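Worksheet: the structure to be examined is printed underneath.
The values are calculated or read from the model by the stated rules, or taken from the named source; none is laboratory data. Nothing here was measured: the structure is a model prediction, and the numbers come from that model. As a convention, Cβ positions derive from the backbone with ideal geometry for all residues, glycine included, and neighbour counts pool all protein chains shown. Protein only, heavy atoms only, side chains kept; ligands, DNA and RNA dropped before computing areas. Shrake-Rupley method; radii C 1.70, N 1.55, O 1.52, S 1.80 Å.
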Amino acid sequence: MSMNDRDDVRLDVEMEEVEKLSGIYNDKDVIEQEFYPTYGALNDGTDMPKPEWVEFNQQSDSLFFNDGKRRIDFVLAYEDEDMKEYEKRYHFQRKKMKREHYEASLIKMGLELEAARSVVNEKLVFVKVHTPWDVLCTYAEVMHLQMPIQINDLKSKASTFNCFTKIFSPSEDIIHPETEYFTAPFEKERINHFLIEDQETFFNPSTRSRIANYILSRANYEVTDKVRKFGINKLLDAGVYKAAFPLHDCRFNVKSEDLKCPNERYLLYREWAHPRSFYKLQPLDLIRKYYGEKVGIYFAWLGFYTKMLVVAAFFGLCCFIYGYKTRDTNTWSIEVCDPEVGGRIIMCPQCDRECTYWKLNSTCESTKKLSIFDHYGTMVFAVLMSIWVTIFLEFWKRHQAELNYEWDTAEFLEQEEIPRPEYEAKCKYEKINPVTKEKELVPHRTCEKCLRVSCGVGTVLFWIVLIIASVVGIIVYRLSVFFVFAAKMQHDLKELQPLKDYLTPQMATSVTASIISFIIIMILNMVYEKVAIMITDFELPRTQTDYENSLTLKMFLFQFVNYYSSCFYIAFFKGKIVGYPKSPVYWLGKYRNEECDPSGCLVELTTQLTIVMGGKAIWNNIQEVLLPWIKNLIGRYKKGKPAERQIPRWEQDYELQSLGKLGLFYEYLEMVIQFGFVTLFVASFPLAPLLALLNNLFEILTTQYRRLETDT
């Protein structure tokens, strides 16, 4: 058979698959969906509606359809299958059929779509999504959104510190204070009771995008054999769409030329995200308005935590400076370095064969280095940090209660939260609700639920045991390598006297073991993240809050053991069971148990914390700041200079980086682990609060990322 004949056979097979796929979408067994008023199923024999195709109108800053009236609430991007190479075109027809059916479902659910080709890459197509007023009202009621009913006429009491905080607050001439309202859950039947001055502004852009995202997450793209496949997330994972995101209102550093644009992103960058505004308080109301409540709460916590870190960093820096200034006058350093004291104390060999006796004053330089962190001021600093932690937690509870009241999130009841679309799709068993005594659909029976949870618990325990095994492996490395360093370094470093004073066998072992430990920590962390998400998806939690709580428990238990186990070993176990001269303790009958430095294990704990915490901060900032900036820079270079062509707003945002579905979750988790480093072992590393403070100054998502898709 010739090559041309083989290609013809392959194309015939692919065409048969496409014809079968077309039959799937015309199946008479289409499941009717009745749980939302605006939803309509696609029946057999009906033509699938398609988006309206338009040309770019050369208005690069426009946030509206070409008619200038309908606002863009969400954007979908895909590569046109018909523009593919002929040999590969039929391979992509399945994706095309899914996308066309999905877009038809969106139109039947009440959304309006407008499609336009990219001005840079003609293979790329952008589908702009608009949510009409009636659809907004319907889903605002379904989602129990809090909407304004009356302007808040209660006068708040001015703080006595207003004169001081005003210096650090954003200018009210630039960022105007937001009007406060009394709110209530939206209901269409009582729409006249709500404060609707203008239908175009009643739902702000963040709320409109949230509603659009809710609909996109629940629209069908394939229904066959009573199995319903739906949701934009699955289509993104399958490569049907390249991206899905809400629009930024303008560029972060340039005002929009569109008179309808509020330029909120530009204001946030100028008064908050710009490096010269690092000292200013956060405009939380504007952050909440632009990104939504979840992102607003995150930055409220981050800002409060960072402000409190200023106090802890100040105390830690003072403790470090005091230790550095007194390292030569420290009593322990003087005695160890004194030839008449430390020079006369003979220490036992540190290994059994090649090591010899040594004098205590040979550790003079390492003792001085230890005195920087271990002195009387360290005890005072540890007491102050314990008080700081208590004050931080109690004051944050108070601040959180204020935000809950001001942002109307305190009245959100658990039963009002909407089930996740993945949960709804699996519901097939009837169950009596123990509270309401009514029948409801659940995705699995009690035994199956216990089995799913047990699998999750077993997997987490397995990975924790794996971490402990890696820690044991590091300990064995310490034991075996220490004796090599102890035997070789005293001969090999004789000519390098300055280096010999600092690079002791204990220090060399500690540094190399800490680097290896950090590499293992990061590898295990990256692998386990995927495993934890798979387990949580398998458990099938009912609501988004349940999903996040389950994932948080798994991730925190793992990362707590992963990041802190080596530190706990050095702080509480190392050097405690070493035996005595002529009768040392051996591991596995072969490795002699390692001892601490004559001055203690604190310097090794400091080394471990410095490498792990510092390395983690550098790695995170490379991922979150440097790499997105480089990728965006390359994208702008490929597009050409802005003066050469008009680039629409949606295409500019497409070139930005996506934070991901769980991006905010990982930001929280990163801060929690950092908080542990700052509080648990801060006595051994007083500069930890300062390092955390510097790291947090980069935790702003305004410039290099797309606008966040608010979870439903």
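Observations on the model:
- Among the candidates Val254, Val240, residue that is in a loop (DSSP other than H, G, I, E, B), modelled with pLDDT under 85 and of a type in the set (A, V, I, L, M): Val254
- Selection from the stretch 280-324 of residues that are at pLDDT below 90, under 22 Å from Lys166 (Cα atoms) and more than 23 Å from the chain's Cα centre (by Cα): Lys280
- Those residues of the stretch 509-523 which are more than 16 Å from the chain's Cα centre (by Cα) and surrounded by fewer than 20 Cβ atoms within 10 Å (Cβ to Cβ), in sequence order: Val511, Thr512, Ile515, Ile516, Ile519, Ile520, Ile523
- Qualifying residue in the stretch 346-361 (condition: part of a helix (DSSP H, G or I) and of a type in the set (A, V, I, L, M)): yes
- Check on Glu200, within 22 Å of Cys261 (Cβ to Cβ), open to solvent by 20 Å² or more (accessible area, probe 1.4 Å) and of a type in the set (Asp, Glu): yes
- Flag if Lys260 is within 26 Å of Asn696 (Cα to Cα), assigned to a loop (DSSP other than H, G, I, E, B) and not aliphatic (A, V, I, L, M): no
- Filtered by the rule that a residue be open to solvent by less than 30 Å² (accessible area, probe 1.4 Å) and in a helix (DSSP H, G or I), the stretch 208-221 gives Arg208, Ser209, Ile211, Ala212, Asn213, Tyr214, Ile215, Leu216.
- Flag if Glu495 is surrounded by 14 or more Cβ atoms within 10 Å (Cβ to Cβ) and either out of contact with any Leu (no Cβ under 8 Å at 6 or more places or on another chain) or modelled with pLDDT of 85 or more (or both): no
- Glu257 vs. criteria surrounded by fewer than 16 Cβ atoms within 10 Å (Cβ to Cβ), farther than 23 Å from Arg398 by Cβ and among the charged types (D, E, K, R): yes
- When the stretch 425-439 is filtered for residues that are open to solvent by less than 70 Å² (accessible area, probe 1.4 Å) and farther than 22 Å from Ala219 by Cα, the ones remaining, listed by number, are Tyr429, Asn433.
- Long-range neighbours under 7 Å by Cβ, at least six apart or interchain, first residue modelled with pLDDT under 75 within the stretch 471-487, second assigned to a helix (DSSP H, G or I) and open to solvent by less than 40 Å² (accessible area, probe 1.4 Å): Phe482/Pro505; Phe482/Thr509; Phe485/Pro505; Phe485/Ala508; Phe485/Thr509; Ala486/Pro505
- Residue within the stretch 104-116 that is touching a residue at least 40 places away in the same chain (Cβ under 8 Å), among the polar types (S, T, N, Q) and closer than 18 Å to Phe64 by Cα present: no
- Condition broken by Val310, with the remaining ones in (1) part of a helix (DSSP H, G or I); (2) touching a residue at least 24 places away in the same chain (Cβ under 8 Å); (3) surrounded by 14 or more Cβ atoms within 10 Å (Cβ to Cβ) satisfied: (3)
- Residue, most open to solvent (accessible area, probe 1.4 Å), within the stretch 166-194, restricted to residues that are of a type in the set (A, V, I, L, M, F, W, C) and closer than 14 Å to Cys137 by Cα: Ile191
- Subset of the stretch 222-237 [open to solvent by 10 Å² or more (accessible area, probe 1.4 Å) and either at pLDDT 85 or above or within 21 Å of Glu651 (Cα to Cα) (or both)]: Asn233, Lys234, Leu236, Asp237
- Flag for Ala77 being touching a residue at least 24 places away in the same chain (Cβ under 8 Å), in a strand (DSSP E or B) and either surrounded by fewer than 18 Cβ atoms within 10 Å (Cβ to Cβ) or among the acidic types (Asp, Glu) (or both): no
- Scanning the stretch 51-73 for residues that are at positive phi and open to solvent by 30 Å² or more (accessible area, probe 1.4 Å) gives a single hit, Gln58.
- Counted residues, the stretch 264-285 - those being open to solvent by 30 Å² or more (accessible area, probe 1.4 Å) and in a loop (DSSP other than H, G, I, E, B): 6
- If you filter the stretch 325-344 down to residues that are loosely packed, with under 15 Cβ neighbours inside 10 Å and outside any loop (DSSP other than H, G, I, E, B), you find that the one that is nearest to the chain's Cα centre (by Cα) is Lys325.
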